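First up is the structure itself, then whatever we jot down about it.
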Amino acid sequence: MSKSEFEPRIVALLCNWCTYTGADLAGTARMKYPPNVRTLRVMCSGRVDPAFVIFALQNGADGVMIGGCHIGDCHYAKGNYSSRRRAVILKDTLESLGIDPRRFRLEWISASEGDKFAEVIKKFTKELKELGPNPLNKGAQDA
Amino acid sequence: MLNKIRDYCRDLLESKKVEGILAVYTENGNYFPYFFTKKEELNNLCIDKKYLLLNSVKPLRENLVFLLQSKMPGKRIGILARGCDERALFELSKRGQVNLDNIETIGYSCNEEQAKICTCPTPYPTVNLKFGEKVEGVSEHKRWKEFSQLDIEGKRKFWEKEFSKCIKCFGCRNACPICFCKECLMEDRKFVKGGELPVEIPSFHFVQRYHHAAQCISCGECEIACPMDIPLRLISFVLLNRVKKLYDYTPGMNPKQECPIYTIKEERNEEALDELL
Ligand code: SF4
Ligand code: SF4
Ligand code: SF4
Ligand code: FES
């Protein structure tokens, strides 16, 4: 498969209170963004165990994004602080394991930022196209 | 050093300052952890065999010190501690696995040879060193030169080769003093297949390395235990360095400093993190 045809698969783990609602807004407002993303709702970005990211990358995702409330807005006060601390270490771990850390993103998107959600997905999709298929997938592409 | 330590322990027992002393016992070439309560037994106390006293007793997944503490609440317990014993003690106490009150550590240093075997950067207790001199530790992994030269794809291939040697014996986890979870993600059947090889690459090994990013006490037990000689700690060194740079935190050095990954108390350095994302 040539790189130009490659359509990356993105798994987005989104916080119920902000980013998931933001993604919803992007949908209801009919904003255009690439269809490459599969969203999963979690109660807080702090709930996401970094192991989920690895499991997703190992099982078919080309990129994984965690979306949470802006710093200071987490509905559980400090969930996104922990999420950020972990994300930094996670990037290092991915790199040490030979997985390009750009395949993982942490984004702060509020419930009213449907446009930011669309923007981020556009950008991420473009970046992943440049990176090419995730080598952990062993050539398994979407059926 | 051995005689001095034995004398010191004898005094501790005689003066009833401690109920007993946890240390290594040797007999006929065998060695095992033992709770010394009688001074006659001290002739069998040994210091030249490493046995991490704070390791959790599988399958209970509770450590010996905790078990002793629950058996004799309020009593003072002595521990003859190497650097790694002390570090494990501190890290475990931060996670409620032992209680530092009523513990008397008798610290002694290791020699350079032992530090090499363990790839140990701090072969001595940093807080309570009572016997021996501090010797230089080993702060670079023996395969670091080879590994650090690889590009990202090279690293992936490196681990694909290394991890596929893994026989899923769980030695790396069982030997680790910081691994005490009763429900281990490495055995979660949603993520890891039971009794099948090859292991899930790289998630199987990722779990332990990542969980220990800010708690690995660099005792080397995981690699020593690994029958397939997988250089697991190459990853730990990277993570520990990052945690040190960001939060000035080295696991096991200070019993009062809280683990920065799990406690969000001081907001220091927070904004700087965004730049690393
Ligand atoms: S890990 Fe360090 S302190 Fe522990 S036995 Fe080895 S050299 Fe000594
Ligand atoms: S060196 Fe290995 S066994 Fe020791 S604390 Fe770190 S991960 Fe655990
Ligand atoms: S000790 Fe080595 S072979 Fe055993 S499970 Fe751990 S990495 Fe695999
Ligand atoms: S509730 Fe949204 S990040 Fe915690």
- the range B:171-184 residues that are in contact (Cβ under 8 Å) with a residue 40 or more places away in the chain, paired with ones that are aliphatic (A, V, I, L, M) and surrounded by fewer than 17 Cβ atoms within 10 Å (Cβ to Cβ) (beta carbon under 8 Å, 6 or more apart): B:Gly171/B:Ala225; B:Cys172/B:Ala225; B:Asn174/B:Ala225; B:Ala175/B:Ile224; B:Ala175/B:Ala225
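Conditions tested, residue by residue: (1) of a type in the set (A, V, I, L, M); (2) away from every other protein chain (no Cβ under 11 Å); (3) part of a helix (DSSP H, G or I); (4) touching a Gly at 6+ places or on another chain (Cβ under 8 Å).
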| site | (1), (2), (3), (4) |
| --- | --- |
| B:Phe191 | no, no, no, no |
| B:Gly194 | no, yes, no, no |
| B:Leu197 | yes, yes, no, no |
| B:His205 | no, no, yes, no |
| B:Tyr210 | no, no, yes, no |
| B:Ile217 | yes, yes, no, yes |
| B:Leu240 | yes, no, yes, no |
| B:Ile261 | yes, no, no, no |
| B:Asp274 | no, no, yes, no |
- Of those in the range A:105-136 that are in a helix (DSSP H, G or I) and among the aromatic types (Phe, Trp, Tyr), the residue farthest from the other protein chains (Cβ to nearest Cβ) is A:Phe117
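Anything in the range B:125-134 that is over 14 Å from B:Met253 (Cβ atoms) and either surrounded by 15 or more Cβ atoms within 10 Å (Cβ to Cβ) or among the basic types (Lys, Arg) (or both)? List them, or say none.
Our first condition is that a residue be over 14 Å from B:Met253 (Cβ atoms); within the range B:125-134, this holds for B:130-133.
B:Lys130, B:Phe131, B:Gly132, listed by residue number.
B:Gly137: part of a strand (DSSP E or B), among the small types (Gly, Ala, Ser) and more than 16 Å from ligand 4 (Cβ to nearest atom), yes or no?
Against the criterion (part of a strand (DSSP E or B), among the small types (Gly, Ala, Ser) and more than 16 Å from ligand 4 (Cβ to nearest atom)), B:Gly137 does not qualify.
Which ones in the range B:156-170 are free of Cβ contacts under 8 Å to residues at least 40 places away in the same chain and in a helix (DSSP H, G or I)? Walk me through it before giving the result.
The first filter runs over the range B:156-170 and keeps only residues free of Cβ contacts under 8 Å to residues at least 40 places away in the same chain, leaving B:156-158, B:161, B:164, B:168, B:170.
B:Arg156, B:Lys157, B:Phe158, B:Lys161 - these are the residues of the range B:156-170 that are free of Cβ contacts under 8 Å to residues at least 40 places away in the same chain and in a helix (DSSP H, G or I).
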- Note on the structure: Going through (1) part of a helix (DSSP H, G or I); (2) within 22 Å of A:Val53 (Cβ to Cβ); (3) within 14 Å of ligand 3 (Cβ to nearest atom) one by one, B:Glu153 fails only at (3)
- Message: Just checking, does the range A:49-64 include any residue being under 28 Å from B:Trp159 (Cα atoms), in contact with a helix residue (DSSP H, G or I) (Cβ under 8 Å, 6 or more places away or on another chain) and polar (S, T, N, Q)?
- Response: yes
- Taking B:Glu221, is it assigned by TED's automatic domain parsing to the domain that holds B:Trp159, buried (at least 22 other Cβ atoms within 10 Å of the Cβ), modelled with pLDDT of 90 or more and acidic (Asp, Glu)? yes
- Item | Test set (1) in contact with a helix residue (DSSP H, G or I) (Cβ under 7 Å, 6 or more places away or on another chain); (2) within 18 Å of A:Asn59 (Cβ to Cβ) - B:Pro231 fails condition number | (2)
- Does the range A:14-45 hold any residues that are in contact with a Leu (Cβ under 7 Å, 6 or more places away or on another chain) and assigned to a helix (DSSP H, G or I), and which are they? A:Tyr20, A:Ala23
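The values are calculated or read from the model by the stated rules, or taken from the named source; none is laboratory data. The structure displayed is predicted, hence computed values, not measured ones. Positions of Cβ are backbone-derived with ideal geometry, glycine not excepted, and every protein chain shown enters the neighbour counts.
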